[in-house]
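Data block below; observations after.
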Amino acid sequence: MDTKPKVQNRSTKDDPVIMALPAACSDERAAVEFMEAQRWGDHPACPRCGDLDVYQMKDAKTGERQANFRWRCHGCKDQFTVRIGTVFEDSRIELRHWCFAFWRASTSKKGVSALEIKRQTGLSYKSALFMMHRIRFAMNESDLTPLTGTVEVDEVFIGGKPRHFNNSRKTRPRQKTAVVGLVERGGRVRPRIVADVTAASLKRVIRENVDPSSRIYTDEWSGYRVWVGKEFAGGHDTVRHSTFEYARGDVHTNSVEGFFGMMRRGLDGIYHSVSRKHLHRYLSEFEFRHNHRELDDGERTVAAIRAANNKRLTYADQVG
């Protein structure tokens, strides 16, 4: 029997990242040095040409680092900071606030609201919201390797609660957004927004994200019938929720429903209201935390910071 404690129950007392974060969240110099250490380690490199022959620019009189913490590259002769080539490039928000936002977004199981970031940092709500959207953009997983093994698939509808609707998923009001969740048993998750939950839409999203050798578990929804068992070598098994059957041996969709439960508690309890326009970024945030759930809090925070490399989200892209 595995007696290893859950990640959220493990002590962070000796975690070097967690021990360094309070200082990084309160002092700009410490924040810059923290970000440099997480991004480059012991080998700082020019983000433009990749040259390792770089040096810190210092004040000629005092010998201290310049106030803007610039570096210079011997290769391309360009100046740069740790911000260049990341989601926080060109941001006027101090890095100590970025450290705090990355910390909270990576370690809060159900997420952290922009209003909370605003209260803790003193930023405006608009700045805090844009910063959190940039972090969610960084968390967007670039690993598109198909899910393998046993894969659970289910759907959920995100949005307001209409006054009247029947039990047919096709005829639910359009203000609800359909999301298909695909979970690799014991592994990764892929939540994807779809136009509807017809067989055509389900077929497209499953084909794009699941290896043909996999075994698929779903509920009894008609959109999965006939075609799934023919296309996937592992076959297709279902559970009948309409007859209160939730597991039959190892056939169940409890893993994907557990992910949906965490996601909905976050959307309802932390964010309260999320538009379809920005929903994909919130899904990226929940996906990132789930896929890095076995890491300690410090390791997960570092993973999020490193995921911010080579990504940009401008304000025009966010609102456009």
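The values are calculated or read from the model by the stated rules, or taken from the named source; none is laboratory data. Keep in mind the model is a prediction, meaning the values are calculated, not measured. Every residue, glycine among them, receives a Cβ derived from its backbone with ideal geometry; neighbour counts consider all protein chains shown. To get the accessible areas, we keep the full protein, side chains included, count just its heavy atoms, and leave off ligands, DNA and RNA. Shrake-Rupley method; radii C 1.70, N 1.55, O 1.52, S 1.80 Å.
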*asked:* Among the residues in region 61-69, are any of a type in the set (A, V, I, L, M, F, W, C) and either in contact with a strand residue (DSSP E or B) (Cβ under 6 Å, 6 or more places away or on another chain) or closer than 23 Å to residue 139 by Cα (or both)?
replied: no
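Residue-wise test of (1) among the β-branched types (Val, Ile, Thr); (2) under 22 Å from residue 120 (Cα atoms); (3) out of contact with any Leu (no Cβ under 6 Å at 6 or more places or on another chain); (4) part of a loop (DSSP other than H, G, I, E, B).
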site: 14; (1), (2), (3), (4): no, no, yes, yes
site: 22; (1), (2), (3), (4): no, yes, yes, no
site: 30; (1), (2), (3), (4): no, yes, yes, no
site: 42; (1), (2), (3), (4): no, no, yes, yes
site: 45; (1), (2), (3), (4): no, no, no, yes
site: 49; (1), (2), (3), (4): no, no, yes, yes
site: 60; (1), (2), (3), (4): no, no, yes, yes
site: 63; (1), (2), (3), (4): no, no, yes, yes
site: 69; (1), (2), (3), (4): no, no, yes, yes
_If I filter region 258-270 for residues that are closer than 20 Å to residue 201 by Cβ and open to solvent by 40 Å² or more (accessible area, probe 1.4 Å), do I get at least one hit?_
no
_Whichever residue in region 271-318 is part of a helix (DSSP H, G or I) and of a type in the set (Gly, Ala, Ser) and, among such residues, is surrounded by the most Cβ atoms within 10 Å (Cβ to Cβ)_ = 304
*Out of 77, 61, report the one residue that is loosely packed, with under 15 Cβ neighbours inside 10 Å, among the basic types (Lys, Arg), without any contact (Cβ under 8 Å) to a residue 60 or more places away in the chain and at positive phi.*
77
*region 294-314, residues that are under 11 Å from the mean Cα position of the chain (by Cα) and among the basic types (Lys, Arg)*: 300
